[in-house]
Amino acid sequence: MSTQTVSPSLLHYVQYPAQPLAERVWVGVKRHAVSLMLDEREVYTFDPTGRLWMTYVDGVNYKRGLDGRMVCKWATPDGARRLRRLNSEEADSILRWTHQMAIQALNLFPSDGDPVCRDALERACQWDVEAHHRDAQRFLQAYKPVSILPPDQYLALVLQVTEGCHWNRCTFCDFYRDRRFAIKTPQQLREHIARVQEYFGDTLRLRNRIFLADANALVAPQRMLVPLLEMIHEAFPIEPNDLSPSDLQQWREQHPVRLRGMYSFVDAFTGYRKSVAEWRELQQLGIRRVYIGVETGCEELLRFLRKPQTNAEVLQLVGALKEAGIAVGVIILLGAGGHSYTRQHAAETSALLNQMPWSAGDILYFSELIEPFAGEYTHLAQEAGIQPLSPEQMHEQRREIEALLRLPRGVQRATYDIREFVY
Ligand code: SF4
């Protein structure tokens, strides 16, 4: 057995022989997570309360959301990525298995082992299947389902300032079809914040920023939005963005638990109506990056997708955001319009992207059209005789778009796989 404190991120670890469970068991405690590893063939990661977060067993990665949903990912022998959502029986069997492994590892834990590691393992053992179910129920009392976030926001603290999507008619998107659009009143937001704070408790410190949900929270008129954002500031320590480096350092020392600004989606067909002065006001209230589902630069294809925006509106919105000092995350929908639009989509999208005033800190996302998730789109595409692109053809489409781009350094390009998302 060995035990010691090794680094700021890995606070404690212990490893010990644990037959017949494993040749060696390793337990590591970080500030944000606890890991249990069995012979490097199985890894279980818990949050500091002991709630299961991720598991790696037999070459498959499982990730659990706070609402109990679970996705798994693996690679085929030829290296292709595969991914799917588990049904509730499958998710329960992963929880059960994990719980058994944690109990066995605790039973074999050496009597003189690191007490911090023992405590962490004991906490994980308190989370059986029923405890996870109860926790998911608690989560759903604080939240409407969190349908999707941008990939760089998975660790954000979500606040549902609005619910649903005010448009809700794009053919390829059914994220919010289960709810009506509503802007929370100050009283409703106050209650939501209180439930969110109660749900997260101490684990709030694991969240690094705030994401204003749902689909387009910033569509709310300024006179309604500003008081809601001010209320969020009263409830959470959000890092100011107008301090000198030394004042910021001092502020950070006074706020060991803090959130680095606010982030949100906005749609171009209403977002373009906000003025630069209004965006600047939101920037001063902590909005750091706004994500826009641009999808394509081909307006004919946009009409087929039933997304009612124009390229002029997209450019006006991006220009106003950048002028106000807010970064953008632009999302392009690969495969939209299948073979019928493939050339037009690539050419007109890259042309539109090249007209945007990009700068360091912006992100360009490529998201593949996932037909089983695509609701009405699949049906309408079949009716129109549109043949879908294969995953390889979507990769090729991305390469085509990227080959035509002239973006400055510091703009990140990334993949946005909506199937991976659990909150
Ligand atoms: S793509 Fe965006 S605007 Fe369109 S329905 Fe979905 S959430 Fe609403």
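We did not get these values from a lab; they are worked out from the coordinates using the rules stated. The structure presented is a predicted model; accordingly, all values stated were derived computationally and were not measured. In this analysis, Cβ positions are derived from the backbone assuming ideal geometry, glycine residues included, and neighbour counts consider all displayed protein chains.
Based on DSSP H runs of at least 4 residues, each adding -39500 (n - 2.57), what is the mean residue ellipticity at 222 nm of the chain after dividing by all its residues, to the nearest 500 deg cm²/dmol? If you can, show how the numbers build up before the last one.
Details: 13 runs with 155 residues, N = 423.
So the calculated ellipticity at 222 nm is -11500 deg cm²/dmol.
With each label point set 7 Å from Cα along the Cα-Cβ vector, what nm distance links residue 387 and residue 194?
6.0
Between the range 14-43 and the range 287-314, what is the C-alpha centre distance in whole Å?
Between the Cα centres of the range 14-43 and the range 287-314 lies a distance of 47 Å.
What is the P(r) of the range 2-135, as percent of Cα-Cα pairs per 5 Å bin from 0?
2, 11, 21, 22, 19, 13, 9, 3, 0, 0
To one decimal place, what orientation-averaged projected area in nm² is obtained for the convex hull of the Cα set of the range 173-237?
Values: hull surface 21.3 nm².
About 5.3 nm², averaged over all directions.
Starting from the amide H of residue 336, placed 1.01 Å from N in the peptide plane, find each other amide H under 5 Å away whose residue is 5 or more places distant or on another chain.
Those lying under 5 Å, H to H, from residue 336 are 369.
Looking only at 16, 62, 143, which one moves most when the chain is put into a Gaussian network model with springs between Cα atoms under 10 Å?
Its mean-square fluctuation being the largest, the pick is 16.
Let's see if you can work this out: charge +1 on each Lys and Arg Cβ, -1 on each Asp and Glu Cβ, no other charges. What is the dipole magnitude of the range 2-135 about its Cα centre, in debye to the nearest 20?
540
Would you mind working out the magnitude of the charge dipole of the chain relative to its Cα centre, with +1 at each Lys and Arg C-beta and -1 at each Asp and Glu C-beta, to the nearest 20 Debye? It would help to have the intermediate numbers written out before the result.
Values: 49 positive and 52 negative charges, 129 e Å.
It works out to roughly 620 debye.
Past the 38 angstrom mark, what percentage of all C-alpha to C-alpha distances in the chain do you count?
On the way: 25458 of 89253 pairs.
When all Cα pairs of the chain are counted, 29 percent exceed 38 Å.
With Kirkwood's inverse mean 1/r over C-alpha pairs for Rh, give me the Rg to Rh ratio of the range 194-267, two decimals please.
1.00
Over the alpha carbons of the range 281-344, what is the largest minus smallest coordinate on each principal axis, giving the biggest first in Å?
Here the Cα extents, ordered largest to smallest, are 44, 18, 18 Å.
Pop out the Kirkwood hydrodynamic radius of the range 148-190 from its pairwise C-alpha distances, inverse of mean 1/r, in Å to one decimal. Don't skip to the end; give the middle numbers.
Numbers: mean 1/r = 0.0835 Å⁻¹.
In the range 148-190 this quantity evaluates to 12.0 Å.
Work from the charge dipole of the chain (Cβ charges, +1 for Lys and Arg, -1 for Asp and Glu, about the Cα centre) and give the residue of 20, 347, 121 farthest towards its positive end.
347
Any idea how far the Cα center of the range 107-182 sits from the one of the range 359-423, in Å?
A separation of 26 Å, based on Cα centres.
Two decimals is fine: what is log10 I(q)/I(0) at q = 0.16, 0.17, 0.25 Å⁻¹ for the range 127-207, from a Debye sum with one equal scatterer on every Cα and no solvent?
Debye output, listed in q order: -0.74, -0.83, -1.33.
Among 283, 61, 156, flag the residue with its Cα farthest along the positive direction of the charge dipole of the chain, charges on Cβ as +1 for Lys/Arg and -1 for Asp/Glu.
My answer, from the dipole projection, is 283.
List the extent of the Cα atoms of the range 86-151 along each of their three principal axes, largest first, rounded to whole Å.
Sorted from largest, the Cα extents of the range 86-151 read 45, 24, 24 Å.
From the residues 326, 309, 338, which one has its Cα farthest along the dipole of the range 295-360 in the positive direction, the dipole being from +1 and -1 charges on Cβ of Lys/Arg and Asp/Glu about the Cα centre?
338
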